[in-house]
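> My structure is below; once you've seen it, I'll send some questions.
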Amino acid sequence: MDFFAAQAQAHRKSRWLVLWFILAVTSIIALVYLSLAVVLQSTEKTLATLWNGELFFWVCLLVGGGIAAASLYKIWQISRQGGMFIAQQLGGRMVTRDTNDPAEKRLLNVIDEMAIAAGIPAPVAFVLTEESSLNAFAAGLTTRDCVIGVTQGLLKTMNRDELQGVIAHEISHIVNGDSRLNVKLIGVLFGIYVITIVGRGFMRARGRNVGGVILIGLLLCVVGSVGLFFGRLIQAAVSRQREYLADASATQFTRYPAGLSSALRKLQNASSAILHPEAGAASHLFFGESSTSWFKFATHPPLAERIRRLGGILLHQPDKGETFPSASTAAFGENAQPVPILAANPHAAMPILPAALLLESKNAPEEESLTQAQFLLASLPKDLRQKANSIVGATGILGGLLFANQSDIRAQQEKLLPPDALPVAQELYQWFSSRMEGERYQLVPPDARPTEQELYQRLSMQPEEVARYRLVWFDLILPTLREALEAERQQLLVMAKGLIRADGRVSPTEFALYTLLRGALLSPAERRVKRSELRLEQLDKDIADLLALLAYAGHDDMEMVEAAYREAITCSPANVKHPLPAKTGLSLNKISQALAHLALAAPPYRKKLLYACEVVVRHDGKITPVENELLRAIKQSLDCPTPLAYN
């Protein structure tokens, strides 16, 4: 199952969600109407005499309209902030990148590894500090505004392999489109639960006519119990099968089922209940069963069955209190010296996976993706990577990534950077030059560093190496930059534009990096596009501009550009096949706006569009590093994860 197949399955679940919502609202309206009709009817109560068209109209308007309005309001609230709104509602505390807590640092490192391997921006991390149980969740509307939260108990209890399995499970929910569906479900459930919420408010009333107010509140709670029943039923229907898929995808990410299986075993011997009052409506988000209510349907499959599907019967089953060997020591025995996780073999002690598990999840990246991500992260200079955890350091790295090779232009760019960020930018620029020789920057004395001309030649000779590390550095700084205040984020975008336009042109690489930066720093509300702009003729023009950009970036000969564009536009979802747009008309703002329009298209439409993008870049039989960066930016803008891949 590829990404779009998983998204299509999530969309089918969304349609069933609408039907369940209509059924729940209809049942609540019917119960409210019958209750009022019985109370107001003084004559013989028969089905014929209970009918009152005017009463029915007002019940539908007030009850049905109130539920719909509450659901839409909640969804609007969530859409303004994305997954951060859910995490804060659950009492979460954001883990900043400059944290000194070892457990939190380990959490951020694991999230970085998994995000780079999956090809998505690293989600913001949250910790539910008041929860001692073992649980985790992912929430967000797109891959750009998702968060991953873990309880304090899970953070302190799980070892690295187990934590990696849990995070891979949550990353899988993001990649498979489950987080978007689950967040929408929270909005729907809020509308269904609103009657119970109002009823509880009445029952807590004080003052005159307390008895009557409490009676009204009691009646509303009774009616609301119908909504509670349907809400739990909807949660169970939507989430159970998606948990199996996320488990299978997580195993494909890590290639070490024992880590996730061990985490699930710990859940069997500990509580996963979330005590926060808002947790009921979000119980379908969590890694394990979180509801403490007696009135519930299971939102997750049985833990024993999840372990069995992970090949648990093939693994060592520990007694209570015993732990699994870690991935870094399993291949070398109990008495071996621990091996750093980034240098460990991810295939160590990996059991044979059941055929059903492999068939169930084919959408995860190649098994080498995580290994490649770990290797790339391990090869970065430790001190410079540490600086990426602060706003100042991340700003400097952003500047270094956008520095021009010509010294006169770079001198102008340096004036645009904050003074405290400039040394970091220069250090990164020099690191790239030393990387071309395969040397560690720390080992190169200042007097032996390459000259300007030598540096330019090296950067031109090995673009694959530069592009590979450029994307890794960019992925590392995006979570840090997202922590900046809104005004600071706007200043960063202005600074990036100035750095890009310093030489009077916008290269495809600069466009790709700016697109990724803009998508990460703008809030969901700021990225929102007016629905009135989504006309078919506008989408056709957007497709033409996007394919033309790729054609110009990958081919120097105009005949090749024309041929690649014609081949791609023919298999694109555009209804009108526009001629090749002029290169001078492809501005940064125009392409960014085109991507914003196309991101709102349905999954089948976007799938066909991305196929056309692949056609245009593969027209000459190869994908250059510049084309790869552009594809990465386009796919991420269209909310399609792209694992690390170079060919």
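Residue-wise test of (1) touching a helix residue (DSSP H, G or I) at 6+ places or on another chain (Cβ under 6 Å); (2) at pLDDT 85 or above; (3) crowded, with 18+ Cβ neighbours inside 10 Å; (4) not aromatic (Phe, Trp, Tyr).
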site: Gly53; (1), (2), (3), (4): no, no, no, yes
site: Ser71; (1), (2), (3), (4): yes, no, yes, yes
site: Asp98; (1), (2), (3), (4): no, yes, no, yes
site: Asp101; (1), (2), (3), (4): no, yes, no, yes
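> Please list, ordered by residue number, the strands (runs of 3 or more DSSP E) wholly in region 52-153 having 1 or more residues that are small (Gly, Ala, Ser), over 30 Å from Val226 (Cα atoms) and in contact with a Phe, Trp or Tyr (Cβ under 8 Å, 6 or more places away or on another chain).
Counting at least 1 such residues, we get 147-151.
> In this structure, is Gly259 buried (at least 20 other Cβ atoms within 10 Å of the Cβ), of a type outside the set (Phe, Trp, Tyr) and modelled with pLDDT under 85?
Considered against the rule, which asks whether it is buried (at least 20 other Cβ atoms within 10 Å of the Cβ), of a type outside the set (Phe, Trp, Tyr) and modelled with pLDDT under 85, Gly259 comes out as no.
> Of all residues being open to solvent by less than 10 Å² (accessible area, probe 1.4 Å) and more than 21 Å from the chain's Cα centre (by Cα) in region 589-608, which is nearest to Phe511 (Cα to Cα)? Just the residue, please.
Ile591
> Got a number for residues in region 496-514 being in a helix (DSSP H, G or I), at pLDDT below 85 and hydroxyl-bearing (Ser, Thr, Tyr)?
1
> Which condition number does Glu305 fail, the rest of (1) assigned to a helix (DSSP H, G or I); (2) more than 20 Å from Gln164 (Cα to Cα); (3) open to solvent by less than 10 Å² (accessible area, probe 1.4 Å); (4) at pLDDT 85 or above being met?
(3)
> Of the residues in region 125-145, how many are among the β-branched types (Val, Ile, Thr) and either more than 20 Å from Lys184 (Cβ to Cβ) or more than 9 Å from the chain's Cα centre (by Cα) (or both)?
Residues that pass the stated criteria total 2.
> Continuing with the same structure: Does Glu526 qualify as being surrounded by fewer than 16 Cβ atoms within 10 Å (Cβ to Cβ) and at pLDDT below 85?
Spelling it out, Glu526 is indeed surrounded by fewer than 16 Cβ atoms within 10 Å (Cβ to Cβ) and at pLDDT below 85.
The values are calculated or read from the model by the stated rules, or taken from the named source; none is laboratory data. Since the model is a prediction, treat every value here as computed from it, not as a measurement. Positions of Cβ are backbone-derived with ideal geometry, glycine not excepted, and every protein chain shown enters the neighbour counts. Protein only, heavy atoms only, side chains kept; ligands, DNA and RNA dropped before computing areas. Shrake-Rupley method; radii C 1.70, N 1.55, O 1.52, S 1.80 Å.
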